[in-house]
Amino acid sequence: MTTTPTLPVPAPVQSGRAAKLAVRAEAAKTRLSSPWASLIAVVIAVLWTVPTVGLLVNSTRGEPGPTTSGWWHLWGIGSGFTLSNYVDAWNGNGGTPLSDYILNSVVITLPAVVMPITLALLAAYAFAWIDFRGRNLLFVAVFVMQIVPIQVALIPLNTVYVRFGLSSSFWSIWLSHTIFGLPLAIFLLHNFMKEIPPSLVEAARVDGAGHVRIFTRVLLPLLVPAIAAFGIFQFLWVWNDLLVALTFSGDTTRPITAGIQQLTTQFSSSGNILPSAAILAMIVPLIVFLSLQRFFVRGLLAGSVKG
């Protein structure tokens with residue numbers, strides 16, 4: 001009885017482009033995992049955290065500590081540890097309670113995140129999968145809008161809002177954040193859509209699916225990481241925004257950032273209360289980012305390497 005010798009199966013030969021990508025990925029992995037890269041990352045993280053630590057320390061120092069000495073003196077030089085600053089900040093230092101401003105921030109932020117995502121999804125699908133005249137030129141124009149300073153649009157927008165009776169309302173803030181966030185949203189979602197294999201869309205078209213069914217049944221479930229990434233980014237940007245809030249908000253529509261600014265009056269700098277109010281304003285975005293961090297990183301890295 002003879003036995004047939006088993007021949008070794010040759011390894012699949014990678015194409016030139018795939019081999020180059022593999023070499024680059026391995027080189028990048030080596031560089032990023034080196035001890036020097038880890039040390040630099042730790043140093044940057046520490047330097048980035050120092051201002052927050054200083055803010056936290058000043059928020060627990062009594063008067064006149066925060067206004068007369070640096071935070072590195074901790075609770076020395078005539079100022080002891082206290083939590084009364086948080087109580088005063090939450091109560092608005094005799095004015096509007098900070099809870100009202102936080103509620104306004106929630107009312108502003110949620111629509112200001114949903115509206116640009118909804119519009120950007122439709123625009124990104126059109127740019128990625130619908131062939132129409134001037135598509136590339138229009139997409140370049142959308143991309144260029146990312147580098148236009150928002151300050152140049154504040155006065156024209158305010159003029160339009162006054163004309164239509166939307167001044168100092170939530171609509172003026174929602175529309176402003178939607179307008180300013182659309183270019184980045186369209187660019188991010190378009191690039192993600194282009195990474196989806198065209199065979200999926202072609203197969204859906206062969207089965208008789210139209211644009212609506214392709215968008216909702218095929219592409220939308222695959223876009224969750226990109227939607228989450230932009231949603232978190234937009235949430236953080238809108239929540240921490242002060243320029244748009246000061247320009248378009250009114251007495252009853254001020255968000256938390258403008259509310260903190262109201263704590264400073266011409267008679268008092270509130271140097272011991274402002275750090276506490278800033279820490280209270282950081283709680284919500286910090287919870288959102290930490291709870292959804294994996295979606296944020298996955299959405300930003302998705303499609304970054306294409307084999």
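The values are calculated or read from the model by the stated rules, or taken from the named source; none is laboratory data. As the structure is a prediction and not an experimental result, all values here were calculated from the model. As a convention, Cβ positions derive from the backbone with ideal geometry for all residues, glycine included, and neighbour counts pool all protein chains shown.
List the pairs whose first member sits in region 60-85 and is farther than 16 Å from Ala278 by Cβ, whose second member is of a type outside the set (Gly, Ala, Ser) and modelled with pLDDT under 70, and whose Cβ atoms are under 6 Å apart, counting only residues at least 6 apart or on separate chains?
Once the first residue is farther than 16 Å from Ala278 by Cβ and sits in region 60-85, its partners that are of a type outside the set (Gly, Ala, Ser) and modelled with pLDDT under 70 give Ser69/Ile77; Phe81/Trp75.
Need pairs with beta-carbon distance below 6 Å; first residue without any contact (Cβ under 8 Å) to a residue 12 or more places away in the chain and within region 151-170, second buried (at least 16 other Cβ atoms within 10 Å of the Cβ); sequence gap 6+ or separate chains.
Pairs found: Leu166/Ser172.
Confirm whether Phe139 is more than 27 Å from Tyr101 (Cα to Cα), part of a loop (DSSP other than H, G, I, E, B) and of a type in the set (A, V, I, L, M, F, W, C).
No: the conditions fail for Phe139.
Within region 147-155, can one find any residue that is over 23 Å from Phe127 (Cβ atoms) and in contact with a helix residue (DSSP H, G or I) (Cβ under 8 Å, 6 or more places away or on another chain)?
yes
Filtering region 162-201 down to residues that are in a helix (DSSP H, G or I), over 16 Å from Leu138 (Cβ atoms) and β-branched (Val, Ile, Thr), which residue is modelled with the lowest pLDDT?
Across region 162-201, the extreme among qualifying residues is Val201.
Can you pull out the residues in region 261-304 that are at pLDDT below 80, surrounded by fewer than 16 Cβ atoms within 10 Å (Cβ to Cβ) and part of a helix (DSSP H, G or I)?
Once the filter is applied, which keeps residues that are at pLDDT below 80, surrounded by fewer than 16 Cβ atoms within 10 Å (Cβ to Cβ) and part of a helix (DSSP H, G or I), region 261-304 yields Gln293, Arg294, Val297, Arg298, Leu301.
Checking the condition over 28 Å from the mean Cα position of the chain (by Cα) and either under 21 Å from Gly259 (Cβ atoms) or at pLDDT 85 or above (or both), which residue from Gly62, Gly94, Gly70 passes?
Result of the check over Gly62, Gly94, Gly70: Gly94.
If you scan region 238-273, which residues turn out to be of a type outside the set (S, T, N, Q) and free of Cβ contacts under 8 Å to residues at least 60 places away in the same chain?
Leu242, Leu246, Phe267
Among the residues of region 133-164, which ones are surrounded by 15 or more Cβ atoms within 10 Å (Cβ to Cβ) and over 25 Å from the mean Cα position of the chain (by Cα)?
Tyr161
Here are Leu223, Leu236, Leu246: which of them is under 30 Å from Asn85 (Cα atoms), modelled with pLDDT of 85 or more and over 12 Å from the mean Cα position of the chain (by Cα)?
Leu246
Kindly evaluate Leu110 against the criterion of being assigned by TED's automatic domain parsing to the domain that holds Asn272 and in contact with a Leu (Cβ under 8 Å, 6 or more places away or on another chain).
no
Going through Ser199, Ser167 one at a time, which residue ends up being hydroxyl-bearing (Ser, Thr, Tyr), over 25 Å from the mean Cα position of the chain (by Cα) and farther than 25 Å from Ala258 by Cα?
Unique residue meeting the criteria: Ser199.
Collect the residues in region 73-91 that are of a type in the set (Ser, Thr, Tyr) and modelled with pLDDT of 75 or more, keeping them in residue-number order.
Thr82, Ser84, Tyr86
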